[in-house]
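The values are calculated or read from the model by the stated rules, or taken from the named source; none is laboratory data. Being a predicted model, the structure only gives us computed values, none of them experimental. Ideal geometry is used to build each Cβ from the backbone, glycine not excepted, and the neighbour counts take in all protein chains shown.
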Amino acid sequence: MQRILVPGRNGQVGWELLTALAPLGTVIGLDRSGMDLANPDSIRRAIRDAKPDVIVNAAAYNNVDRAESESALAMQVNGIAPGVMAEEAKRLGAILVHYSTDYVFDGERDQPYVEGDPPNPVNAYGKSKLAGERAVEAVGGHYLTLRTSWVYSARGSNFVLTVLRLAREKPELSVVDDQSGSPTWARALARATAELLRRKDLIARESGVYHLVAGGHTSRYAFARAIIDIMKEVSRIPDGWASVKPITTDQYPLPARRPPHPVTSTTKIRELFGIEMPRWEDQLRSCLSDIAASWRTGSTSLVLP
Ligand SMILES: NC(=O)c1ccc[n+]([C@@H]2O[C@H](COP(=O)([O-])OP(=O)(O)OC[C@H]3O[C@@H](n4cnc5c(N)ncnc54)[C@H](OP(=O)(O)O)[C@@H]3O)[C@@H](O)[C@H]2O)c1
């Protein structure tokens with residue numbers, strides 16, 4: 001039975017990995033107390049104790065705005081820690097799966113980016129994630145770095161849950177219409193990761209960076225509208241929802257600059273691994289159906305009407 005170590009077990013993706021990876025082996029999930037990514041000794045100790053065959057790193061410093069003022073910590077967690085994990089994985093002959101982001105691109109062009117396009121991050125978070133990609137690559141072990149986008153789930157803090165909450169509290173939401181991405185459900189990402197790990201022979205031969213996001217792309221504004229429209233339907237609660245108004249990024253200033261259109265092509269992972277994620281609308285409907293079911297059973301009080 002292979003041993004699969006999952007740092008970041010309480011994050012959106014980490015939580016879903018615990019279930020998705022269970023059929024593949026013994027999954028050992030670690031929270032910050034079991035492995036602190038800001039501390040290389042803690043990383044080395046946790047990996048040497050667990051002796052995994054696979055590490056799936058779901059831990060990251062993900063607060064894009066706060067990273068501007070905590071860039072050293074963001075760099076430690078996102079930029080340096082993945083390299084330490086890669087070294088330890090290589091020492092054990094283990095595979096490392098690591099997640100990165102479409103925010104490594106500046107998003108200034110209107111064609112989808114492929115993996116070989118030059119990155120040019122526009123904020124501290126993107127720079128720290130790019131450093132992590134490079135640190136993993138430099139070690140030269142067996143690895144996959146999966147660049148994903150706009151991750152959400154039924155738990156944690158994310159755009160979907162924020163829109164659902166605010167849409168019940170306010171008459172109108174203003175959402176930027178000049179930024180695009182591919183909203184990706186954490187559960188779909190975890191399932192795709194499990195599929196990839198069924199092909200360890202291929203990972204050994206084809207280690208590298210891959211784009212792995214939901215099919216299609218959309219603007220933040222259209223995403224917010226879809227969240228409300230689909231939730232109206234699946235929750236069977238037709239009334240009491242905010243309307244959504246499109247605004248520009250200039251009208252909603254934030255500490256970190258966002259790349260406007262960092263849309264990525266997923267052709268490489270489809271052609272090499274046969275992996276293709278469902279379209280973003282279908283993933284969203286699945287996640288919202290789960291949330292609506294939990295509203296009905298009262299298992300969460302979040303945004304209960
Ligand atoms: N969320 C997105 O929109 C998005 C977009 C593109 C790429 N990604 C990438 O996808 C991956 C998974 O993201 P996610 O959304 O699942 O992340 P998440 O929900 O923010 O979870 C991140 C986890 O990392 C843990 N963590 C933070 N600092 C740590 C430290 N110093 N030591 C140990 N653990 C630490 C957090 O622990 P605590 O709970 O203790 O804070 C949390 O459990 C990440 O690599 C992320 O960069 C995410």
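Within segment 77-95, residues that are free of Cβ contacts under 8 Å to residues at least 40 places away in the same chain and within 18 Å of Asp49 (Cβ to Cβ) reach partners that are away from the ligand (no atom under 16 Å from the Cβ) and assigned to a helix (DSSP H, G or I) with beta carbons closer than 9 Å, at six or more positions or on different chains, in the pairs Arg91/Arg48. Within segment 178-215, the set of residues being away from the ligand (no atom under 16 Å from the Cβ), in a loop (DSSP other than H, G, I, E, B) and of a type outside the set (D, E, K, R) comprises just one member, Ser207. Which residue is farthest from the ligand (Cβ to nearest atom), if the candidates are limited to segment 18-50 and must be assigned to a helix (DSSP H, G or I) and surrounded by fewer than 16 Cβ atoms within 10 Å (Cβ to Cβ)? It comes out as Pro23. Listed by first and then second residue, the pairs linking a residue in segment 211-224 that is free of Cβ contacts under 8 Å to residues at least 60 places away in the same chain to a residue that is charged (D, E, K, R), with Cβ atoms under 6 Å apart and 6 or more places separating them unless they lie on different chains, are Ser219/Asp177; Tyr221/Asp177.
Of all residues in segment 11-36, those that are in contact (Cβ under 8 Å) with a residue 12 or more places away in the chain and of a type in the set (Asp, Glu) have Cβ atoms under 6 Å from Cβ atoms of residues that are outside any helix (DSSP H, G or I) and within 14 Å of the ligand (Cβ to nearest atom), 6 or more apart or on another chain, in Asp31/Arg9; Asp31/Asn10.
Each row is one residue, and each column tells you yes or no for (1) within 12 Å of the ligand (Cβ to nearest atom); (2) at pLDDT below 95; (3) among the β-branched types (Val, Ile, Thr).
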residue: Pro82; (1), (2), (3): yes, no, no
residue: Ile95; (1), (2), (3): no, no, yes
residue: Ala138; (1), (2), (3): no, no, no
residue: Ser157; (1), (2), (3): yes, yes, no
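Of all positions in segment 128-140, at least one carries a residue that is touching a residue at least 24 places away in the same chain (Cβ under 8 Å), assigned to a loop (DSSP other than H, G, I, E, B), more than 26 Å from Val176 (Cβ to Cβ) and not charged (D, E, K, R). Of all the numbered requirements in (1) within 24 Å of Ile247 (Cβ to Cβ); (2) within 15 Å of the ligand (Cβ to nearest atom), Asp229 misses one, and that requirement is (2).
Val175 - would you say it is over 12 Å from the mean Cα position of the chain (by Cα), in a strand (DSSP E or B) and aliphatic (A, V, I, L, M)?
Numbers: over 12 Å from the mean Cα position of the chain (by Cα): yes; in a strand (DSSP E or B): yes; aliphatic (A, V, I, L, M): yes.
Yes; evaluated as a whole, the condition is true for this residue.
Apart from one condition, Glu115 fits all of (1) in contact with a Phe, Trp or Tyr (Cβ under 7 Å, 6 or more places away or on another chain); (2) surrounded by fewer than 18 Cβ atoms within 10 Å (Cβ to Cβ); (3) not in a loop (DSSP other than H, G, I, E, B); the exception is (3). For segment 3-10, state whether one or more residues are assigned to a helix (DSSP H, G or I), near the ligand (Cβ under 10 Å from one of its atoms) and either free of Cβ contacts under 8 Å to residues at least 40 places away in the same chain or surrounded by fewer than 18 Cβ atoms within 10 Å (Cβ to Cβ) (or both). No, that holds for no residue. None of Thr267, Thr249, Thr218 is among the β-branched types (Val, Ile, Thr), over 30 Å from Gly93 (Cα atoms) and over 17 Å from the mean Cα position of the chain (by Cα) except Thr249.
Whether any residue in segment 57-68 is touching a Gly at 6+ places or on another chain (Cβ under 6 Å) and within 14 Å of the ligand (Cβ to nearest atom) is what I want to check. Working first, answer last.
Let us first name the residues in segment 57-68 that are touching a Gly at 6+ places or on another chain (Cβ under 6 Å), namely 58-59.
In the following step, the residues that additionally are within 14 Å of the ligand (Cβ to nearest atom) were identified as 58-59.
For segment 57-68, residues touching a Gly at 6+ places or on another chain (Cβ under 6 Å) and within 14 Å of the ligand (Cβ to nearest atom): present.
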